[in-house]
Amino acid sequence: MKKIYTFAAAMLVAGSVFAQRQTTTVRTFENASIAMPSAQAEAAIDTLAPTVICAQPGLALTGSQGGGYVAGTNAYGDLEKGTLIFPAQAYNVTDMLVLFGAKEAVSNGSFVAYIYPVDTAAGTIGAAMATSDPVSIANIDTTLQFTEFSFSTPAYINGPVMLSVEVDNGGDTVGIVHTVDNCGGNTAFEKWSDGSWVAMADPNGWGLDVQFYILARVDDNVSIEENGLLNASTVRAFPNPANDIVNLTYLLNDNADVTINVMDIQGRMVKSMNEAQSAGSQFVELNVSDLSAGTYFYSVQSGAQTLNGKFVVRH
């Protein structure tokens, strides 16, 4: 399994050998709107994307020193660009939707998308659980319409995942549209040439807290496992963003011990509780007034089941 540097304690050690990457020009798309694929209107179809944390996230495409793009193919040899997603329930992912802003065909090759399982507690990313059908560079749209990467067999997800897009196919160049800086909520990652995953906001990388326009088109008409202690379709954190209090609600199918952990973006546990709970609907109030503003990850565990999610704190 590959370590995600943002969550790993080894980040500070590893960071000492890297100089911050350099950007060049930033292209913004003023007064532009993006078009979702028409298939989204189908019944039982929805899209998953990270929570937008600023009122005007914008549309941008940033160049990289040495050629290429920060969110795409570049001289640093980045392999993939990914978005961290925390689904609130189980889904079947039918397609990934990627907003490209530039392309240059040299080898006239193809690109694929991947879905990886993420263990936020351990700070690791597993082997790819799904690979899309290839999309040729000729079929990549750069007119602010999403390009679809389809999965011939829908990918079942029920926990944190990385939605990732290949950006190095050995010849062609692509650039992915992203938000302006300080709008990412630490959800954007990239896979370096050595196979490690690094946050876009990492000061030893780009130091840019952006969000990629990478979404998942999902079918929520899936069978939810009702035999476990926790009902996955009922877990919710609100208000989100929160100021002083976050409420967690979920359904417990039987009497059981429940552990709730809250971790910061570095993977450090900042809150933990364990208590015996009776079967039925649960309402847990967490005081977050002592937490710094930012993104936090929570897990609700009972027996062999663990359900995950995230919330944002603003003061």
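Of the strands (runs of 3 or more DSSP E) entirely within region 121-209, those holding at least 2 residues that are in contact with a strand residue (DSSP E or B) (Cβ under 8 Å, 6 or more places away or on another chain) and closer than 30 Å to I260 by Cα occupy 147-157, 161-166, 188-191, 197-199. Residues in region 168-197 that are out of contact with any His (no Cβ under 8 Å at 6 or more places or on another chain), of a type in the set (A, V, I, L, M, F, W, C) and surrounded by 24 or more Cβ atoms within 10 Å (Cβ to Cβ): 5 in all.
Can you tell me how many residues within region 264-292 are surrounded by 12 or more Cβ atoms within 10 Å (Cβ to Cβ) and part of a loop (DSSP other than H, G, I, E, B)? Counting residues in region 264-292 that are surrounded by 12 or more Cβ atoms within 10 Å (Cβ to Cβ) and part of a loop (DSSP other than H, G, I, E, B) gives 7. Across region 93-118, the number of residues qualifying as buried (at least 17 other Cβ atoms within 10 Å of the Cβ) and in a strand (DSSP E or B) comes to 17.
Would you confirm whether any residue within region 225-234 is at positive phi and either modelled with pLDDT of 90 or more or not basic (K, R) (or both)? No, region 225-234 contains no residue that is at positive phi and either modelled with pLDDT of 90 or more or not basic (K, R) (or both). Residue pairs whose Cβ atoms lie under 9 Å apart, sitting 6 or more positions apart in sequence or on different chains, and linking a residue in region 80-100 that is at positive phi to a partner that is part of a strand (DSSP E or B) and basic (K, R), do not occur here. For region 73-123, taking the residues that are farther than 17 Å from S193 by Cα and of a type in the set (S, T, Y), the one that is nearest to the chain's Cα centre (by Cα) is identified as T83. Scan region 120-137 and tell me whether some residue there is closer than 16 Å to G72 by Cβ and aliphatic (A, V, I, L, M). Yes, region 120-137 contains at least one residue that is closer than 16 Å to G72 by Cβ and aliphatic (A, V, I, L, M).
The values are calculated or read from the model by the stated rules, or taken from the named source; none is laboratory data. In this text the structure is predicted, and so the values were computed from the model without any measurement. Here the Cβ is made from the backbone with ideal geometry for all residues, glycine too, and neighbour counts use every protein chain on show.
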